[in-house]
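Working notes, structure below.
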Amino acid sequence: MQYHITHTTLYTYSHAVLLQPHLLRLRPRSDGWQTLEQFELTIFPEPLAQSPITDLDGNATIKLWFAPEPSHHLKIITTSQVTTHLDNPFIYLLEPWVLQLPMDYPSALAAQLQPYWLNPPGSPAIDPAVVQLAQEVLLASDGAVIEFLTLLNQRIYQECHYQIRETGHAYPPGITWREKKGSCRDFTLLFIATCRAIGLAARFVSGYQEGDVDTEDRSLHAWAEVYLPGAGWRGYDPTHGLLVSDRHIALAASPDPRSTLPIEGQVKNFGNTAIHQVQTTLTHDLQLTIQT
């Protein structure tokens with residue numbers, strides 16, 4: 001599939017501010033699953049300079065820094081053309097020792113995957129409700145790894161109510177599961193925590209999803225990837241109950257969802273407005289079209 005994506009993000013500030021350095025994770029990945037054919041970035045006010053950076057997780061990020069001049073807004077427009085290739089997400093051959101849970105990674109691989117199957121430093125222990133969910137799905141799947149992932153994906157999709165929540169960090173997984181509601185990032189973090197509860201390495205992915213081609217309502221999306229030796233990273237989308245295929249476009253992936261935020265940065269008060277608290281209004285406009 002070939003997609004043309006225009007993503008506009010506008011921050012409007014109640015008082016004049018000085019823009020501090022910002023980090024963007026809005027450049028689509030280019031790998032075996034998708035090819036970035038074209039990418040353009042437009043920013044108002046124009047930054048003093050920008051620097052492409054490959055981060056610790058291999059994501060293509062862009063750092064911006066600005067002249068010390070007052071501004072009431074920050075507008076970021078990205079235009080991308082991406083070709084996706086994974087039309088059949090079932091084409092892989094697992095290593096024989098991967099078929100049944102619990103997973104017993106070889107020591108060298110386990111050391112590499114440690115950030116993906118342990119909670120990030122400073123995070124609370126896995127909630128007992130999540131551990132119980134993992135044990136229920138493990139029992140229902142009879143320990144078969146692909147069946148476990150499929151059933152978990154479907155349980156979250158079928159039993160949880162989707163809510164649009166454009167800002168804020170993901171809720172703790174235990175809260176999401178108890179309340180049976182959340183956004184795509186909440187469901188993704190729940191899926192990841194449940195995988196980690198039984199020793200499966202998983203990571204958080206931010207990006208875009210084709211969705212309903214008959215509607216113009218688009219937004220950023222999130223899903224999980226699980227590392228399966230012999231198959232590599234494989235995507236699961238609990239918001240839609242789907243395996244990730246050529247209808248998902250990935251931007252960034254990390255064991256910690258905070259490291260996939262599309263835009264990260266700070267502002268400072270300017271001049272005599274320092275006594276006021278700056279209020280920020282955020283608006284998005286996302287247009288995703290299929291090229292034929």
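Side notes on the structure shown:
- A cut-off of 5 Å between modelled amide H atoms, ignoring neighbours fewer than 5 places along the same chain, links LEU242 with ASP237.
- Scanning the chain for GluC sites (Glu not before Pro) lying in DSSP loops with no more than 13 further Cβ atoms inside 10 Å, the longest uninterrupted stretch between such sites is 1-165.
- Whole-number percent relative contact order across the chain, with pairs defined as alpha carbons under 8 Å at least 6 apart: 30
- Estimated inter-spin distance, LYS63 and GLU147, nm [label 7 Å along Cα→Cβ]: 4.9
- Taking amide H as placed 1.01 Å from N in the peptide plane, HIS15 has its amide H under 5 Å from the amide H of GLN279, each at least 5 places away in sequence or on another chain.
- Working note: Cα gyration tensor of the stretch 1-98, eigenvalues times five, square-rooted, sorted largest first, giving semi-axes of 35, 16, 11 Å.
- Of the peptides 95-103, 126-134, 233-241, the order by per-residue mean of other Cβ atoms within 10 Å, starting with the highest, comes out as 233-241, 126-134, 95-103.
- Of all lysines in the structure, the ones whose alpha carbon falls short of 29 Å from that of LYS75, not counting any fewer than 8 places away in one chain, are LYS63, LYS268.
- 5 Å-binned pair-distance histogram of the chain (Cα, whole percent): 1, 5, 11, 15, 17, 16, 13, 10, 6, 3, 2, 1, 0, 0
- Overall dimensions of the stretch 143-251 as given by Cα atoms, namely Rg and Dmax in Å: 13.3, 41
- Backbone HN-Hα couplings from phi across the stretch 60-74 [Karplus 6.51/-1.76/1.60, Hz, Gly and Pro as x]: 7, 10, 9, 9, 10, 9, 10, 5, x, 10, x, 8, 9, 7, 9
- Here the scattering of the stretch 1-54 is modelled by Debye summation over its C-alpha atoms, one equal scatterer each and no solvent; at q = 0.17, 0.18 Å⁻¹ the log10 of I(q)/I(0) is -0.74, -0.81.
- Compactness relative to 2.2 N^0.38 Å, alpha carbon Rg of the stretch 29-75: 1.46
- In a simple Cβ point-charge model (Lys, Arg +1; Asp, Glu -1; nothing else charged), the chain has a dipole of about 700 debye relative to its Cα centre.
Bear in mind that the values in this text are calculations on the coordinates, not laboratory data. As the structure is a computational prediction, the values presented were derived from the model and not from experiment. Reconstructed Cβ throughout: ideal geometry from the backbone, glycine too, with neighbour counts over all protein chains shown.
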